[in-house]
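The values are calculated or read from the model by the stated rules, or taken from the named source; none is laboratory data. Only a predicted model underlies this, so the values are computations on that prediction, with no experimental measurement involved. Here the Cβ positions follow ideal geometry from the backbone for every residue, glycine too, while neighbour counts run over all protein chains shown. Just so you know, the surface numbers come from the protein's heavy atoms only, side chains and all, with ligands and any DNA or RNA stripped out. Shrake-Rupley method; radii C 1.70, N 1.55, O 1.52, S 1.80 Å.
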Amino acid sequence: QVVNYAPFTLFPSVVPSALFEQAYAVQQDFNLLVDAISQNKEFLEQTLASTIKVDDFTAQLFRIHMQVLEEGLAQSVFLGINRSDYMFDCGADGTPALKQIEINTIAASFGGLTSRTVAVHGRVLKVLGKFQEASRLLPNNPSKGLALGIAKAWELYGSPSAVVMFLVEEVQRNIFDQRCVENELWNRNIRVIRKRFRDVFEKGSLDDAKRLYIDGQEVAVVYYREGYVPKNYDQQNWEARLLLERSRAVKCPDIATQLAGTKKVQQELSRPGTLERLLPGHAEAIARIRATFAGLYSLDVGEEGDRMVAAAIADPDRFVLKPQREGGGNNLYGEELRQVLEKIRDSPERTAYILMDKIKPQPTINYLLRAHNPLQASECISELGIFGVYVRQGKEMVMNKAAGHLLRTKAIEHADGGVAAGVAVLDTPYLV
């Protein structure tokens, strides 16, 4: 009943073109890596062993993962839509470097709305008489790239009458972002339905071949825009999730790929030798991936964890404390970080978190346009996300590409949080 415009910056923000190109160049490598992790049962088991003891949400996802593997996977086509997020870290010498914040493997949003910001910022620059600058803004249409991946998975599923199901939340604020992707699919004559976990629980069923049906319609692809935080689940919703996972339908993501996006996995990847184990024979890809890593540290019980806890309590402004959660607004900084670590320093509860070096970007001035907010110049920092799409059939990678980018900008007083969390706003990179 109430529509607000999505928040955005008045002007495009400056982004170093070398770092922008580096982020694009490494995206296919990250797609390969996420896919490799999702297929490596032993790696996920070892990496998440300490986390699932203290984090019920990750433990429940892991239980479903193991159950589906024991039954034997019905799914043969796999679709990944990831978004790898970076900031530009200004080191001691002031040279900016690309550092990965995280990789989102479920419900990576704003591919739709960000497809529209280039036109907005182009118009602003023209109004200011800056036609030359306006012509330098790069075209960007992630919703088309995401839809291409979904369409390919739908085609390989091999049932022309089957539908694509967007799994959405009960209350959907970010609907227009999803509609952009949906419209791209309708334009390819692919039917889209929108359902909630509750609908799956009440009306979903599997036939003998584990094909998924809802309201009598066969579902070829399940595209999750929900299901990434604990509050998305009650007992019924967990049962619905299990039903979806057991089905032949292409899940985006399947549960193993969701687990591949956990912070604990991210931290494990930064350990020497881990990338080599996961991507044997891909030395160049490994070098490109490793170049984007910020310092990541385990808080597992033991000497190394004790040392990191002590270091963070002594100098909290050097670090960020991250729980195993998606969706923004969960990280802890400064005094709050110190208080939490002092409370849990001697408890296994600390293994539910990882510690990361705090990235220090160079702020710029911009105006953040938000519904019902006063307009003022703010010191801002930006985060660049690159969308990646891949499709695998059996062992064969059928599609692997970068599908566009997302620039989000926020005022420096907000340490954490994305657009959906009400902190960051949509932006367009102006390459220099």
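Data table
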quantity: Region 118-218: radius of gyration and largest Cα-Cα distance (Dmax), Å; calculated: 18.9, 65
quantity: Accessible area of region 3-154 belonging to carbon and sulfur atoms, whole % at 1.4 Å probe; calculated: 55 percent
quantity: A310-S159 pseudo-label distance in nm [points 7 Å out on the Cα-to-Cβ vector]; calculated: 5.9 nm
quantity: From the C-alpha gyration tensor of region 117-156, square roots of 5λ in Å; calculated: 34, 8, 4
quantity: Among Q22, Q172, Q75, residue whose mean-square fluctuation peaks in a GNM of the chain (springs only between Cα atoms under 10 Å); calculated: Q172
quantity: Per-peptide average of other Cβ atoms within 10 Å, ordering 206-214, 57-65, 356-364 highest first; calculated: 57-65, 356-364, 206-214
quantity: For region 110-148 versus region 1-72, the gap between their alpha-carbon centres in whole angstrom; calculated: 26 Å
quantity: Radius of gyration and Dmax over the Cα atoms of region 336-405, both given in Å; calculated: 20.7, 53
quantity: Förster radius 25 Å - calculated FRET efficiency between S76 and E284, Cβ distance, rounded to 0.05; calculated: 0.25
quantity: Square roots of five times the Cα gyration tensor eigenvalues for region 223-343, Å; calculated: 30, 23, 12
quantity: Directionally averaged projected area (convex hull, Cα atoms, region 247-315), nm²; calculated: 7.1 nm²
quantity: Extension gain (nm, one decimal) between A209 and R136, 0.36 nm per residue minus Cα-Cα; calculated: 21.1 nm
quantity: Reduced Cα scattering model of region 82-135, Debye log10 I(q)/I(0), q = 0.30, 0.32 Å⁻¹; calculated: -1.00, -1.08
quantity: Mean accessible surface per residue for region 12-168, computed with a 1.4 Å probe while every protein chain stays in place, in Å²; calculated: 39 Å²
quantity: Whole-angstrom Cα spans of region 214-264 along principal axes, big to small; calculated: 39, 22, 18
quantity: All aspartates and glutamates inside 16 Å of K53 as judged from Cα atoms, apart from same-chain residues fewer than 8 positions distant; calculated: E45, D300, D346, E349
quantity: Cα-Cα pairs of region 51-108 separated by more than 12 Å (percent); calculated: 78 percent
quantity: Accessible area expressed per residue, region 184-269, with surrounding protein chains retained (probe 1.4 Å, Å²); calculated: 37 Å²
quantity: Equivalent ellipsoid semi-axes - Cα gyration tensor, region 1-147, angstrom; calculated: 38, 20, 15
quantity: The chain - mean residue ellipticity at 222 nm from DSSP helices (-39,500 (n - 2.57) per run, n ≥ 4, rounded to 500); calculated: -11000 deg cm²/dmol
quantity: For region 268-419, the Rg and Dmax computed from alpha carbons only, in angstrom; calculated: 18.9, 54
quantity: Chain lengthening between A92 and N4 when straightened (0.36 nm per residue, less Cα-Cα); calculated: 27.5 nm
quantity: Percent carbon-and-sulfur accessible area, region 222-370, ignoring ligands, DNA and RNA, probe 1.4 Å; calculated: 49 percent
quantity: Cross-link reach list, lysines versus K395, counting only Cα pairs under 24 Å and skipping chain neighbours closer than eight places; calculated: K41, K152, K210, K251
quantity: Antiparallel %, DSSP beta bridges [both residues in the chain], to 5; calculated: 75 percent
quantity: At 1.306 mPa s and 10 °C, Stokes D of region 323-373 from Kirkwood alpha-carbon radius, µm² per second; calculated: 113 µm²/s
quantity: Coarse-grained scattering of region 12-74 at q = 0.23 Å⁻¹, given as base-10 log I(q)/I(0) from a Debye sum over alpha-carbon atoms; calculated: -0.97
quantity: Distance cut-off 38 Å, percentage of C-alpha pairs in the chain lying past it; calculated: 20 percent
